[in-house]
Amino acid sequence: MSTAPTQAAKPRLTTSAMIASIAAPGQRTAPAPFGNALVELAKTRPEIVGLTADLAKYTDLHIFAKACPERFYQMGMAEQLLMSAAAGLAREGALPFVTTYAVFAARRAYDFICMAIAEERLNVKIVCALPGLTSGYGPSHQATEDIAIFRGMPNLTIVDPADAHEIAQATPAIAAHDGPVYMRLLRGNVPLILDEYGYTFELGTAKTIRTGNDVLVISTGLATMRALQAAEMLEADRIGVEVLHAATIKPLDLATILAAAGKSGRLVVVAENHTVVGGLGEAVAAGMLRAGIAPRFRQIGLPDAFLAAGALPTLHDRYGISAEAMARQIRAWL
Amino acid sequence: MSFSKPVSSPDARDDGFPHAGSNVSLRERAYRIRRHALRMGEVQGQGYIAQALGIADVLAVSYFHALRYRPDDVRWEGRDRFLLSIGHYAIALYAALIEAGILPESEIETYGADESRLPMSGMAAYTPGMEITGGSLGHGVGIAVGMALGLKRKTSDAFVYTLFSDGELNEGSIWEGVMGAAHWRLDNLIGIVDVNDQQADGPSSAMSSREPLHERFRAFGWHTQRVDGNDIDAVAAAFDAARAAKVAAPRIVICDTRMAKGVPFLETRERNHFLRVEPEEWQQAIDLLDASFSGKAP
């Protein structure tokens, strides 16, 4: 392929599509951690069934569909039916894992999740790809406000895993929890990072991944991966960053968060792959205020706007959730 | 062939037909369901009483002819499931559940009160025998699809009945469910559409294209029947045919009903989706109903 000489040295960044991986070049990854974990779990849990709305391939549920075809329900592009049928299956003793994109679950199927599933505390696990800013397709595919939407729903547990290691552990953990769960999913070749820190997932528990004396970053989802990378960069500048990972956003482990935030002198930053409106940042802020804890507080998150289309590395940097952008912001606040 | 006579089989009760052998006719059951509903309506002085009077015959056939259930064990695994998608019809279903012996008649006076098991809009957590939380319209068919799939997984021979309304057909989710049920060939799913041509803002037919309903459901792949929903024998025959049909398809019984059926001065009241009835009119309504049933002038 030939291009103009002046552009030859530049990597060509293409629009990050539905199948894009968020892994950086050379980063360790694991393939389809959710799909593989579900297949493993299904061996001992015959009540597990899988449902999707024309997105099995894009939510890693195709692996389950292939392994357990008689337990897989392709509902077509009908998210309202998807959620209400899952409710019906749960009523008859099945344990449905339901997949679609986060935008469609949060925006299109909300009433069906709320009234058919959550109000009756049915045992349905809703697992959604493309959370926050993980697609370059623009607002139609970018679920920048899914947590804000779901946090207001009673009975619903919300989980935002950081990497493949955590997704593999969270999948059986949410199955073991009796009640509805919304889990944000990273799909395809998913970065592996938390295994290096000896981390184990526990539903409802926030955990310190690394320690540091200058800044406390409370983060969730892929923002934790980026926060850990940013912490390494800041370490070189002798800035000590603690990273407290809150994979369970609801119910939020405020006891652990407040204990960490209450240590005086540190800047407290909440980082999330989500709009700054209504997500982890505001949940932590309200929790601190109620407890009378008032450290210097900042948020790293997506702006309250419909975001641009394009390549994810560009967009993550532009909107502040790349590792470099996080490090930049934290340096500026110190 | 008349279905107004009760089913009688010596061991039918063990098969989930608790009223088998009763000498109470379906016509009397429908009358009593209407009467319970009017008495509940009187407690609040208003409500969805016209829908209850209109659907009473369908509910009488459901609970005293078609459905298998055990009044003292509403979660019995072998029961046929009856889903009330139209949550505001709860007053009608409570009346049927009272008549069926699932709810005590004494709870009529609690209808819509604080701490009552009989809220104005039906919810599963509140009321024994209420399978789902309805009211946010357009849920009943999709949930029925899931339950029918779930019953097939368990190789259960139970049916899922789901009652929705012509107004509810405005909701796109109904049609997602209709397509899904046909796709999965759910021959254990029986839909009942109450066509009474009334919804909150006026006549359903003036609000959205509805007809030809029979042809529409047939085109969507359903086994389709349309009957006068206030003709007990016709409804019973249609339910029997729906269960017996040898086609791998979901079944629909489209029931044309008359709002406030059985109380003439309410039948003719315009815009009777949510009726406000004067205090003295409740007794007049009950008297008219009693007279109509007994054949004597009030």
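If you go through the stretch A:178-218 and keep only what is among the polar types (S, T, N, Q) and either in contact with a Gly (Cβ under 9 Å, 6 or more places away or on another chain) or touching a residue at least 60 places away in the same chain (Cβ under 8 Å) (or both), you end up with A:N189, A:T211, A:N213.
Among residues of the stretch B:235-246 that are among the basic types (K, R), those with a Cβ under 9 angstrom from a residue that is surrounded by 15 or more Cβ atoms within 10 Å (Cβ to Cβ), sequence gap 6+ or separate chain, pair up as B:R243/B:A66; B:R243/B:F159; B:R243/B:I190; B:R243/B:R251; B:K246/B:D187.
Criterion applied to A:G76, A:G50, A:G26 was being modelled with pLDDT of 95 or more and at positive phi, and the one residue passing it is A:G76.
Of all residues in the stretch B:224-241, those satisfying the criterion of being in contact with a helix residue (DSSP H, G or I) (Cβ under 7 Å, 6 or more places away or on another chain) and under 23 Å from B:D80 (Cα atoms) are B:T224, B:Q225, B:R226, B:V227, B:G229, B:N230, B:I232, B:V235, B:A236, B:F239.
Scanning the stretch B:92-129 for residues that are outside any loop (DSSP other than H, G, I, E, B), over 24 Å from B:G16 (Cβ atoms) and acidic (D, E) turns up just one, B:E109. Evaluate the following for A:G320: is it buried (at least 18 other Cβ atoms within 10 Å of the Cβ), out of contact with any His (no Cβ under 9 Å at 6 or more places or on another chain) and either modelled with pLDDT under 95 or of a type in the set (G, A, S) (or both)? When the stated conditions are applied, A:G320 passes them.
Pick from the stretch B:245-267 the residues that are of a type in the set (D, E, K, R) and part of a strand (DSSP E or B): which of them is nearest to the chain's Cα centre (by Cα)?
B:D256
Figure legend. Inter-residue proximity from the stretch B:136-147: first residues more than 7 Å from chain A (Cβ to nearest Cβ) and surrounded by 24 or more Cβ atoms within 10 Å (Cβ to Cβ), second residues of a type in the set (V, I, T) and assigned to a loop (DSSP other than H, G, I, E, B), beta-carbon distance below 9 Å, spacing 6+ or different chains. Indicated pairs: B:G140/B:I86; B:G140/B:I132. If only residues of the stretch A:109-124 that are of a type in the set (G, A, S) and more than 7 Å from chain B (Cβ to nearest Cβ) are counted, the one that is surrounded by the fewest Cβ atoms within 10 Å (Cβ to Cβ) is A:A118. Screening A:V215 against (1) under 21 Å from the mean Cα position of the chain (by Cα); (2) surrounded by 17 or more Cβ atoms within 10 Å (Cβ to Cβ) leaves a single unmet condition, (1).
Is it true that A:E242 is in a strand (DSSP E or B) and out of contact with any helix residue (DSSP H, G or I) (no Cβ under 6 Å at 6 or more places or on another chain)?
On the way: in a strand (DSSP E or B): yes; out of contact with any helix residue (DSSP H, G or I) (no Cβ under 6 Å at 6 or more places or on another chain): yes.
For A:E242, the condition - in a strand (DSSP E or B) and out of contact with any helix residue (DSSP H, G or I) (no Cβ under 6 Å at 6 or more places or on another chain) - is met.
With the condition kept exactly as written, say whether any residue in the stretch A:269-284 is farther than 15 Å from A:A223 by Cβ and either over 18 Å from the mean Cα position of the chain (by Cα) or not in a loop (DSSP other than H, G, I, E, B) (or both). Among the residues of the stretch A:269-284, not one is farther than 15 Å from A:A223 by Cβ and either over 18 Å from the mean Cα position of the chain (by Cα) or not in a loop (DSSP other than H, G, I, E, B) (or both), which makes the answer no. Residues that are under 15 Å from A:D163 (Cα atoms) and either in a helix (DSSP H, G or I) or among the β-branched types (V, I, T) (or both) within the stretch A:12-25 comprise just one, A:I22. Candidates are the residues of the stretch B:189-201 that are closer than 19 Å to B:C255 by Cα and either out of contact with any Cys (no Cβ under 7 Å at 6 or more places or on another chain) or small (G, A, S) (or both); the one that is surrounded by the fewest Cβ atoms within 10 Å (Cβ to Cβ) is B:D197.
Checking each residue in the stretch B:250-298 for being of a type in the set (K, R) and either at pLDDT below 95 or closer than 19 Å to B:E42 by Cα (or both) picks out B:K261, B:R269, B:R271, B:R276, B:K296.
One residue stands out in the stretch B:49-92 among those that are under 16 Å from B:V160 (Cβ atoms) and small (G, A, S): the one that is surrounded by the fewest Cβ atoms within 10 Å (Cβ to Cβ), namely B:G78.
Examine the stretch A:99-108 for a residue that is within 11 Å of another protein chain (Cβ to nearest Cβ), part of a loop (DSSP other than H, G, I, E, B) and touching a residue at least 12 places away in the same chain (Cβ under 8 Å), and state whether such a residue exists. Checked against the condition, which is being within 11 Å of another protein chain (Cβ to nearest Cβ), part of a loop (DSSP other than H, G, I, E, B) and touching a residue at least 12 places away in the same chain (Cβ under 8 Å), the stretch A:99-108 yields no hits at all.
Which ranges mark the helices (runs of 4 or more DSSP H) fully within the stretch A:26-98 that have 3 or more residues being more than 10 Å from every other protein chain (Cβ to nearest Cβ) and surrounded by fewer than 21 Cβ atoms within 10 Å (Cβ to Cβ)? The qualifying helices (runs of 4 or more DSSP H) are A:33-42, A:62-67. Close contacts from the stretch B:170-199, counting a first residue that is farther than 26 Å from B:T155 by Cα and a second that is among the acidic types (D, E) and part of a loop (DSSP other than H, G, I, E, B), with Cβ to Cβ under 8 Å and a gap of 6+ residues or different chains, come to B:V193/B:D166; B:D194/B:D166; B:V195/B:D166; B:N196/B:D166; B:D197/B:D166; B:Q199/B:D166. Flag not set for B:G167, criterion: touching a residue at least 24 places away in the same chain (Cβ under 8 Å) and within 14 Å of chain A (Cβ to nearest Cβ). When the test is whether a residue is touching a Lys or Arg at 6+ places or on another chain (Cβ under 7 Å) and of a type in the set (D, E), A:E242 passes it. Applying the set (1) over 17 Å from A:G301 (Cα atoms); (2) touching a residue at least 40 places away in the same chain (Cβ under 8 Å); (3) surrounded by fewer than 20 Cβ atoms within 10 Å (Cβ to Cβ); (4) not small (G, A, S) to A:R151 leaves exactly one unmet item: (1). With respect to B:E176, is the statement that it is charged (D, E, K, R), part of a helix (DSSP H, G or I), within 14 Å of chain A (Cβ to nearest Cβ) and under 20 Å from B:I86 (Cα atoms) true? In short, yes.
Being within 30 Å of A:F112 (Cα to Cα), of a type in the set (G, A, S) and touching a helix residue (DSSP H, G or I) at 6+ places or on another chain (Cβ under 9 Å) is a description that does not apply to B:A20.
The values are calculated or read from the model by the stated rules, or taken from the named source; none is laboratory data. Computed from a predicted structure; not experimentally measured. Because the Cβ atoms are built from the backbone with ideal geometry, glycine has one as well, and the counts that use them run over all protein chains shown.
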